[in-house]
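Taking it in order: structure first as structure tokens, then the write-up.
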Amino acid sequence: MTQAKPINKVIKISDSQYYFNRELSWLEFNRRVLHEALDRRTPLLEKLKFISIFSSNLDEYFMVRVAILKEQVQAQVSKRTPDGRTPQEQLDAIAQILRPMVIQQHEYFEKVLRTEMAQEGIHLLNYTDITLEQRAYLQDLFQRQIFPVLTPLAVDPSHPFPLIANLSLNLAVVVTDPVSKKEKFARVKVPDILPRFIELPHDLQAQNDIPNHWIGVPIEQVVAHNLEALFPDMIVNEYHQFRLTRKADLAVAEEEADDLLLAIQQELRGRQFRGCGVRLEIQKSMPQSMRQMLFPELELTEGDIYEIDGLLNLKDLMSFMALPLPELKDPPWTPVIPTKLRAFNQSTAIEKSQKSEGRENIFSIIQQHDLLVHHPYESFSASVEEFIAQAARDAHVLAIKMTLYRSSGDSQIFHSLMAAAESGKQVVVLVELKARFDEENNITWAQRLEKSGVHVVYGLVGLKTHTKIALVVRREGDKISRYVHIGTGNYNPKTAKLYTDLGLFSCRKDLGADLTDLFNYLTGYAHQHSYRKLLVSPISMRDRMIELIRREIEHCQNGKPGRIIAKMNALVDPQIITTLYAASAAGVQIDLIVRGTCCLRPGLPEISENIRVISIIGRFLEHSRIFHFYNDGQDEVYIGSADWMPRNLDRRVEAVTPIEDAKISQTLQDILEIMLADNRQAWELQSDGSYIQRHPRKNEPERSSQNILMEILHSFHTNVKVPSMKSRYFN
């Protein structure tokens, strides 16, 4: 490592030119997601997946971020962001940047992907292009399965404009009464309880003599071409699709709520209809007369309108990933079972029960040394779920405590927790009811846990509990031992297959004591002001992270090298950014791996020229947080749940743990090294806010960090000898 020359220029760090806008930076992240669909190296069905993710991301962006900005404009908020923009200026910039991206997305799908799909035997047809025999089948299907669930809603003096559900797909229909000759307007909601794309039976799938895997049409077109059944004895003049996006963030006055669970349940009942409109997607063909009728009813203006030429709601393209066509997808990946845990996961239920009574169990493994698991490369079910399952079965376990931010109904963790409570163990679970868009799911499982005897806590007033921690208390002879799991991701078996996350298992006494104190803070009235090892938000994490950055500055000032590598989902916090600028100016070499939003501007002479930022976009969503400080050769590495954002540092309960096992610390440093060398999925942030995707140079091997990690973990846990990672990819 070479020491950078110290820079002594005084920087006016409050200047807005040193920051990127948070909302616009997020749009650049979603542009990178869209690029995966445009990249010729991406398999066809994976392209459809990324088109879907791009749309899904935008839905949430409008429901939350754009909705907040619109509320600020209505409230005449004039406060500027660190980059110097007012709420209205941000909305204007969002529209200017986003509209061409949306046009690009739909043009690429309509003009390129639909053709590529057809070439592979996947025919998503328009109703007007199908045969008479196929139409007859769909008309019969319409009468039997679709017509009964449709409800046309008239709009006239005796029928007020109907409430439009958030993200619902609708038909705006104009009909003429043949008696009165008057035109009338009606709205028909396309049923979202039925499949979006209707597959034709195999005996009707002949299409240009090409081998076919799937042929079908969008359900909204089936509805549109059978509207006469909904409006008998009327003349259907025209119909046009539209889709409304509403604000969907909950507004609960926690301090005033006597029962937080009840307050959130009441808010959820109206979320689909109560939130103000923030976006209206319409077919480009919709006439001005229909627009002028819709806009005031939905309380929207021309600036809220996004014209779509083609299918609306491309989020539903994700359904094509279910097609059994592996050749059109990424190579399949099955998470490997960590070698040390393999015996427990290949046993029968009886053997597992017997082993929990003896020495050979997951607790004896953790007693020997700390254990790191890396998902989805390593199995979540064979590690985290097995940890909780063994704790539930083990007669020596006295208590289990966990935080649950997001999970899924098929998680074995829930069943283990309920079984543990029913067997008499003390089980405490903090379920975060305010986990955005997972509130209903969390309420359902919280109530089921309570019925089984689990002590359920619903979080803290004014703070979201975002930390991912579990504590198992076990009697071992005449002493009590505490086993911990501290992770970067949710206890969710579904996302554990799609998100990259890390988890540390340990029985270190100081970590066990810290988690005990943290759970007491979460469940009781403890005023904890310090922890032995953990960095906890909102108590100590901000100050300690800044101290660690400043320590690297001091090393440089003392003539020693300074080095920071940090991986996270987002970098937004102004205080952290200004401290990183100061570190760069002092000569600290800084590499940041930031998947999404990054408000720091790298590469500015004498300010951030020692800072490099990359974003990695691939088949897995990069979600782990790793923080490495060189510390004059005494490396310190941390993992945890927090990004460098004000919400994570000030308004959430988060936990970051130091890694004190030397082998695990080196493993994490190797992971960071692999990612920094990525030349396939990495994008480099430029000083103007744009990103440039890396490509292998001439005679340079392709280095996809995610593929490399899959190969390394598979070879390590299956004893398949391969050349070392460094010799294969870095020499």
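Could you compute the FRET efficiency for N699 and D670, with r as their C-beta to C-beta distance and R0 at 35 Å, rounded to 0.05? Computed FRET efficiency for N699 and D670 comes out at 0.90. Rounded to the nearest 0.05, the FRET efficiency derived from the C-beta distance between I692 and S319 at R0 = 45 Å is 0.85.
The calculated FRET efficiency for N441 paired with Q634, based on their beta-carbon distance and R0 = 35 Å, is about 0.20.
Between rounded, prolate and oblate, where does segment 360-425 land on the alpha carbon gyration tensor, with a ≥ b ≥ c its root eigenvalues, rounded for a/c under 1.5, else prolate if a/b exceeds b/c? Verdict is oblate for segment 360-425. Take the alpha carbon gyration tensor of segment 45-169, find the square roots of its eigenvalues, order them as a ≥ b ≥ c, and report rounded if a/c is under 1.5; if not, report prolate when a/b exceeds b/c, else oblate. Oblate, because a/c is 1.5 or more while a/b does not exceed b/c.
Starting from a Cα-only point model with no solvent, please compute log10 I(q)/I(0) by Debye for segment 97-147 at q = 0.14, 0.29 1/Å. Evaluating at q = 0.14, 0.29 Å⁻¹ gives log10 I(q)/I(0) of -0.57, -1.01.
The C-alpha atoms of segment 583-626 occupy a region whose extents along the principal axes are 36, 17, 13 Å, arranged from largest to smallest.
Bridge orientation summary for the chain: considering DSSP beta bridges with both residues in this region, about 70 percent are antiparallel.
In units of the rule-of-thumb radius 2.2 N^0.38 Å, segment 630-721 shows an alpha carbon radius of gyration of 1.38. Considering all different alpha carbon pairs of segment 436-543, the Kirkwood hydrodynamic radius works out to 15.8 Å. For segment 88-105, putting each phi into the Karplus relation 6.51 cos²θ - 1.76 cosθ + 1.60 with θ = phi - 60° gives couplings of 5, 5, 5, 4, 5, 5, 4, 4, 5, 7, 7, 4, x, 5, 5, 4, 4, 4 Hz, in residue order, rounded to whole numbers and with x for Gly and Pro.
Scanning residues 5 or more positions from L621 or on other chains, those with amide H under 5 Å from its amide H are Y499, T500, with H placed 1.01 Å from N in the peptide plane. Mean sequence separation of contacting Cα pairs (under 8 Å, at least six apart), scaled by the length of the chain, corresponds to a relative contact order of 12 percent.
The peptide list 319-329, 188-198, 164-174, put in order of mean Cβ contacts within 10 Å with the highest first, becomes 164-174, 188-198, 319-329. Think of it as helices only: each DSSP H run of n ≥ 4 in the chain is worth -39500 (n - 2.57), and spread over all residues that comes to -10500 deg cm²/dmol at 222 nm.
Calculated from the alpha-carbon coordinates, segment 6-88 shows an Rg and a Dmax of 17.8, 53 Å respectively.
Surface analysis of segment 512-611 yields an accessible area of 33 Å² per residue, using protein heavy atoms and a 1.4 Å probe. Taken along the Cα-to-beta-carbon direction at a fixed 7 Å, the label points for L194 and D661 span 5.4 nm. For the pair segment 576-654 / segment 656-677, the C-alpha centres are spaced 15 Å from each other. Against the empirical curve 2.2 N^0.38 Å, the C-alpha radius of gyration of segment 524-655 lands at a ratio of 1.05. Note: segment 510-549, Cα convex hull, 55 Å³ per residue.
Of the peptides 614-627, 60-73, the order by per-residue mean of other Cβ atoms within 10 Å, starting with the highest, comes out as 614-627, 60-73. For segment 64-110, count all C-alpha to C-alpha pairs, find those more than 12 Å apart, and express that count as a whole percent of the total. Percent of Cα pairs beyond 12 Å in segment 64-110: 65.
Along the Cα-to-C-beta direction of S16, a point sits 7 Å from the Cα; which residues of segment 82-108 have their amide N less than 19 Å from that point? Of the residues in segment 82-108, 82-97 have backbone N under 19 Å from the label point off S16. Coupling constants for segment 420-427 follow from the phi torsions by the Karplus curve (6.51 cos²θ - 1.76 cosθ + 1.60, θ = phi - 60°), and in residue order they are 5, 5, 5, 8, x, 6, 7, 10 Hz; glycine and proline get x. In this rough spin-label picture, where each label sits 7 Å from Cα along the Cβ direction, the S423-S364 distance is 1.7 nm.
Considering segment 499-596 at the alpha-carbon level, its Rg and Dmax are found to be 16.3, 48 Å. For the chain, the Cβ-based charge dipole about the Cα centre amounts to some 1520 debye (Lys, Arg positive; Asp, Glu negative; other atoms uncharged). Where does segment 111-200 land on the Kirkwood hydrodynamic radius, alpha-carbon pairs, in angstrom? Every distinct Cα pair counted, the radius reaches 16.1 Å.
Three principal axis extents describe the C-alpha atoms of the chain; from largest down they are 89, 68, 61 Å.
The values are calculated or read from the model by the stated rules, or taken from the named source; none is laboratory data. For clarity, every value in this text was computed on a predicted model and none was experimentally measured. Positions of Cβ are generated from backbone atoms using ideal geometry, with glycine treated the same way; all protein chains shown enter the neighbour counts. Each accessible area value is taken on the protein alone, full model and side chains, heavy atoms only, with ligands, DNA and RNA left out. Shrake-Rupley method; radii C 1.70, N 1.55, O 1.52, S 1.80 Å.
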